[in-house]
Amino acid sequence: MSISQKHSIYFYTLSLILQFLSIISITNAALTTDEIDELRVEVLNLIDTFGNTDDDASQKPLIGSILRLVFHDCAGPYNTGDDVSTLDNAIRLCDGCIDLENPDHSGLKELAQEPIEPLCDKWSASMNRADCWITIGNIALEYSASLSSTAGTLPPLEYKFGRYLCSTSPDAVTNLETGGTEFPLAHLGWDPLFEFFKDHFGFTKQESAVLIGAHTVGRAHKSGSGFEGKWTHDTFAFNNQFFIELLNKNNQWDQVTKTSPFPQWSNMGRATGEDELMMLNSDIGVVAAMEDTDDIDEISGVVSCRWEGYTHAGTYDTCPREETFDVALNYARDNQLFLDDFVLAWNKILSYNQFNLVTVNANPFVDTRDDSSEQSTPRLITNNCCIAKKIPNWNGRCWTAQSEQECIDVAPGKGSRCHWDPANCRPTQTCLLRGESCNNGGECCSKYCRSDTGGCR
């Protein structure tokens with residue numbers, strides 16, 4: 001018998017085992033359509049009120065942490081038991097387990113798993129923890145996309161239930177010495193990351209690249225990964241902004257060393273007062289083929305070439321273009337294309353190696369908290385053309401302006417918070433403006449209801 005035949009038999013046997021385990025784990029447990037809507041409200045309220053040491057609740061940091069939890073869960077190895085003897089690194093699936101002691105997962109326990117655990121416990125009769133993490137991940141993604149001011153609509157997400165749950169959930173037993181980790185090391189380039197997705201999920205380069213776009217939300221925490229900073233300015237809005245920033249030559253991406261022993265990239269071309277952004281080697285590697293010319297030191301993470309148009313400091317060779325450059329460019333130009341392709345890859349990874357799942361047809365996502373009888377009635381505002389530069393934080397300020405001059409004069413920082421855009425006027429105003437009395441953040445244009453004053457931010 002050839003090696004390839006042995007491999008085929010091995011993976012076929014594993015497939016049968018996974019299908020059997022999936023069948024016995026289902027017991028017809030699944031949320032109903034109405035229960036998904038109820039959970040949506042609970043998740044949105046949690047997101048709107050949870051902050052951490054780097055970002056307060058107005059920045060909605062839980063969105064990025066939840067998505068990271070989902071990716072790290074789904075990328076983790078399969079284990080049918082409770083020790084390394086039953087670990088199988090060849091199989092990856094979303095099974096409600098991450099190795100909480102693994103440095104690659106640093107921060108996930110405090111920033112994601114523990115905050116959502118009360119919801120998973122509440123709904124445990126209808127779904128296990130593996131399904132709970134995925135369901136909350138779907139809701140976080142839907143909410144995040146709804147907060148984006150960029151034109152584009154997130155396609156419907158798949159709500160599926162009945163996943164295999166590892167026996168030690170939420171913790172997992174892995175073995176770092178045998179490769180029991182989720183992603184290749186962050187200081188490496190694009191090639192190892194693509195090889196990981198190809199080998200474990202059968203992903204193409206395009207599917208792998210679009211998933212990196214999830215970095216458009218959230219930030220890196222020095223207390224977690226060791227890296228520090230955010231990839232985009234609006235860390236709670238899910239759109240194609242990651243690819244826009246990646247390819248924006250004005251950013252003048254250059255390597256710097258902060259709290260991690262490995263370098264990261266900073267937008268050294270930013271204007272005075274503009275936020276510092278970051279990229280990792282694996283991010284830059286989506287467009288720059290640094291491995292092809294041996295321009296990356298895999299031990300230190302130091303890269304000896306720079307992206308096209310770099311003039312900031314020093315003299316460097318220009319990194320050649322990676323095969324996925326055109327993929328990134330297309331996503332930077334077309335948010336709808338990015339959203340469509342991301343959801344295809346997202347749905348694929350969430351059900352990978354899980355069988356006999358029960359699909360529930362969820363209602364289209366709507367923030368129903370705005371439907372409360374206590375909400376303000378819509379107000380016709382024909383000149384509502386003052387657009388906040390930071391969405392939604394400054395909506396409460398900017399949306400009060402009824403003329404171009406009022407828009408420019410919005411304080412503090414005259415001219416820095418809002419801009420007048422007649423092409424994007426809103427005909428009606430249904431949310432509460434700055435200073436108006438509120439009960440929760442969902443009522444406010446800024447999505448933030450101050451607990452100290454009871455008024456919208």
Legend entry - For the chain, calculated [θ]222 nm from helices alone, where every DSSP H run of n ≥ 4 adds -39500 (n - 2.57): -10000 deg cm²/dmol
Legend entry - Set K348/K389; K198/K390; K198/K230; K198/K447; K222/K390 screened for pairs whose C-alpha atoms are more than 30 Å apart: K348/K389; K198/K390; K198/K447
Legend entry - Surface accessible to a 1.4 Å probe, per residue, for the residues of the chain, Å²: 43
Inset, instruction - Pairs of Cα atoms under 8 Å, at least six residues apart: use those to get the relative contact order of the chain, whole percent. - result: 16
Inset, instruction - With a point put 7 Å past each Cα toward its Cβ, work out how far H233 is from I299 in nm, to one decimal. - result: 4.1
Legend entry - Within the accessible area of the chain (1.4 Å probe), percent carbon and sulfur: 51
Inset, instruction - Would you mind getting the Kirkwood hydrodynamic radius of segment 69-211 from its Cα pairs, rounded to one decimal in Å? - result: 16.3
Inset, instruction - Compute the FRET efficiency between L185 and N440 as 1/(1 + (r/R0)^6), taking r as their Cβ-Cβ distance and R0 = 56 Å, and round to the nearest 0.05. - result: 0.85
Legend entry - Over segment 239-334 - Rg/Rh using Cα atoms and the Kirkwood inverse-distance radius: 0.94
Inset, instruction - Please list 78-87, 336-345, 440-449, 191-200 highest first by mean number of surrounding beta-carbon atoms within 10 Å per residue. - result: 440-449, 336-345, 191-200, 78-87
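The values are calculated or read from the model by the stated rules, or taken from the named source; none is laboratory data. Note that the structure is predicted; figures quoted are calculated from it, not measured. For neighbour counting, all protein chains shown are included, and Cβ atoms are generated from backbone atoms with ideal geometry for every residue, glycine included. Accessible surface is based on the protein model in full, side chains and every heavy atom, while ligands, DNA and RNA are left aside. Shrake-Rupley method; radii C 1.70, N 1.55, O 1.52, S 1.80 Å.
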